[in-house]
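Since the structure comes first, as structure tokens, the remarks are kept for the end.
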Amino acid sequence: MSELYNNIEPNVIDDEMVQKAIEEQCPEDIRKIVKREGINFKDVTELQLSFRNILQIDNLWQFENLTKLQLDNNIIEKIEALESLIHLVWLDLSFNNIEVIEGLDTLVKLQDLSLYNNRISKIEHMDTLQELQIFSIGKNNLTTLEDVIYLRRFKKLRTLNLTGNPLCDEEHYMLFVVAHLPDLVYLDFRLVSDTTVSVSAFPACEIRHQHLTEHWLCWYASNILAFRAGSLQKLGLQKHAAAFVEYLNGSFLFDTMYAEDTEAAKLASLPGVGDLQEAYPSWFVSVCENLFHYGLKEYEKREAEVSEFYESLHEALTANQQEGRKLILDFENQNKRRLDEIHNAGSYDTADSKRDEYRKDILQLSDALMALEMLIADQLEELIKEFKSNIAVIASTFIENVKGLYPFDTFSLTIFSTMTQCRDLENRHHQELLEISITTLEKSLKNELEEDLPADAQMLLGDKATLVNAVNASHGIRLQKIDKRESDILSNIHHW
């Protein structure tokens, strides 16, 4: 065991510790019941074991349904005994003494992993964590940019924190990370800007650095032509997808409506349908493009809100940590003299008196640090509450405009594109197509058609039921495409 713990009583996780932790995290009205009747560890989904001087992870096998585990601010040296927690989604091992990433192989559902402020020098042994979305490994001992390349295997990774590692001092650190992880949304608590992505996507030959490895240079050489040819398009599509309006800036949706519609081609040969079809695409595409531009504006609002939240979060945590460090530094400076006085005391009574003063100073420091902890907890709670509220307003506004729940005043018709308008256009088109088709049928029965129709169109004119069914089937296919696109947009914004 490390000599660092000479003044600390190390703990190992046992039943008594976890029982106490569960009781503490229960609401006051439930706590007494838990104490009296106990609790089945299999029913626990969240467990917080922070600040408990835990040296070794153990005895967690009973928590087989655990999804969230906090082991931060302990003295853990090794990641172990987690193999049974297969449902774990969120794991916090920050502020420990871990040197090697290991013991995570079975945590295949893990989405959020924090190893912040440990002693890790290499990113490794994480291959099975394919669901990983958020990874914090700041304030460790990572020295080489090549560690970032390992993270390319995590296709769902969107948030990464590396700040405080020696590799962050490299001249082209940010460009390197974004170039290798183009799907990142947040890096070191900041939104990855379009400018940064664009620059990293075009690694021009003038980018020089004496520490660039051969692997990096080869990677750039093999990808530069592809980047130059398609990176702008790729970046644009990524932004459109993030705004939930991809492929709405053109005729894509309209084209897909007809792609599987076998009846449409037959109906198109009926007299008058060609003129009807001529104006329909431009109207429909115009509505889609309005929704596309509106979606991009709402995306910018959401991103600005998220960015502001992370910046405020970072500022609050940084200020709190600085104040804590100042308190500790003042305590150390003050009590260095106190310890000298105790050591040089002329009598036992004098030394004992100085020790009492030292204990009081320690209690005062503890109270001050606890006050800081409570203050940052309140600040973060308020920050999160405000963030949730702001995001809820932005998201609900976007959803309502996609669904068309706002009244269609002049402003709404001009600015807000809705899927309801798409359905209205399709319904109107269907009605006119149906009228043309029935008129054509009536003329056909009277032998009044002025032109010969293709055989497949003539088959539709055999009787009214066949014709109406064909027109309605065509209409149904197109409505399904519109409904599916609306459902995708709403599902994506809810998921986000």
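Assigned by the TED database to the domain that holds G295, open to solvent by 60 Å² or more (accessible area, probe 1.4 Å), within 55 Å of the chain's Cα centre (by Cα) and of a type outside the set (F, W, Y), is that true of K484?
Answer is yes for this residue.
Scanning segment 311-322 for residues that are surrounded by 17 or more Cβ atoms within 10 Å (Cβ to Cβ) and more than 15 Å from A377 (Cα to Cα) gives no hits. All of E315, E357 fail the test of being out of contact with any helix residue (DSSP H, G or I) (no Cβ under 6 Å at 6 or more places or on another chain) and either among the polar types (S, T, N, Q) or under 22 Å from L191 (Cβ atoms) (or both), apart from E315.
I need a count of the residues in segment 156-182 that are charged (D, E, K, R) and touching a Leu at 6+ places or on another chain (Cβ under 9 Å).
Looking only at segment 156-182, we keep the residues that are charged (D, E, K, R), and these are 156, 158, 169-171.
Still in the running and touching a Leu at 6+ places or on another chain (Cβ under 9 Å): 156, 158, 170.
The qualifying residues number 3.
State whether one or more residues within segment 332-345 are part of a helix (DSSP H, G or I), of a type in the set (D, E, K, R) and closer than 20 Å to A377 by Cα. Scanning segment 332-345, I find no residue that is part of a helix (DSSP H, G or I), of a type in the set (D, E, K, R) and closer than 20 Å to A377 by Cα, so the answer is no.
Evaluating H125 against the criteria (1) in contact with a Leu (Cβ under 8 Å, 6 or more places away or on another chain); (2) at pLDDT 95 or above leaves one unmet condition, (2). For segment 439-456, the set of residues classified as over 12 Å from V273 (Cα atoms) and assigned to a helix (DSSP H, G or I) consists of L441, E442, K443, S444, L445, A455, D456, listed by residue number. Just wondering, is there one or more residues in segment 169-184 that are open to solvent by less than 50 Å² (accessible area, probe 1.4 Å), in a loop (DSSP other than H, G, I, E, B) and within 16 Å of Y310 (Cβ to Cβ)? Looking for residues that are open to solvent by less than 50 Å² (accessible area, probe 1.4 Å), in a loop (DSSP other than H, G, I, E, B) and within 16 Å of Y310 (Cβ to Cβ), one finds at least one in segment 169-184, hence yes. Of the numbered criteria (1) farther than 23 Å from E263 by Cβ; (2) at pLDDT 85 or above; (3) of a type in the set (K, R), the one R428 fails is (1).
Filtered by the rule that a residue be of a type in the set (F, W, Y) and in a helix (DSSP H, G or I), segment 238-272 gives F252, F254, Y258. Quick one: how many residues across segment 135-168 are part of a strand (DSSP E or B) and either modelled with pLDDT of 90 or more or basic (K, R) (or both)? Count: 4.
Within segment 459-470, the set of residues being of a type in the set (V, I, T) and at pLDDT below 85 comprises T466 only. State whether the residues of segment 283-306 include one that is farther than 24 Å from D488 by Cα, at pLDDT 80 or above, surrounded by 12 or more Cβ atoms within 10 Å (Cβ to Cβ) and of a type outside the set (D, E). No, segment 283-306 contains no residue that is farther than 24 Å from D488 by Cα, at pLDDT 80 or above, surrounded by 12 or more Cβ atoms within 10 Å (Cβ to Cβ) and of a type outside the set (D, E).
Do we have T128 as more than 21 Å from the chain's Cα centre (by Cα), assigned to a loop (DSSP other than H, G, I, E, B) and more than 23 Å from F51 (Cβ to Cβ) here? Spelling it out, it is not the case that T128 is more than 21 Å from the chain's Cα centre (by Cα), assigned to a loop (DSSP other than H, G, I, E, B) and more than 23 Å from F51 (Cβ to Cβ).
The values are calculated or read from the model by the stated rules, or taken from the named source; none is laboratory data. These numbers come from a predicted model, not from an experiment. All Cβ positions, even for glycine, are placed from backbone atoms using ideal geometry, and neighbour counts span all protein chains on display. Just the protein is used for accessible areas: all its heavy atoms, side chains included, with ligands, DNA and RNA removed. Shrake-Rupley method; radii C 1.70, N 1.55, O 1.52, S 1.80 Å.
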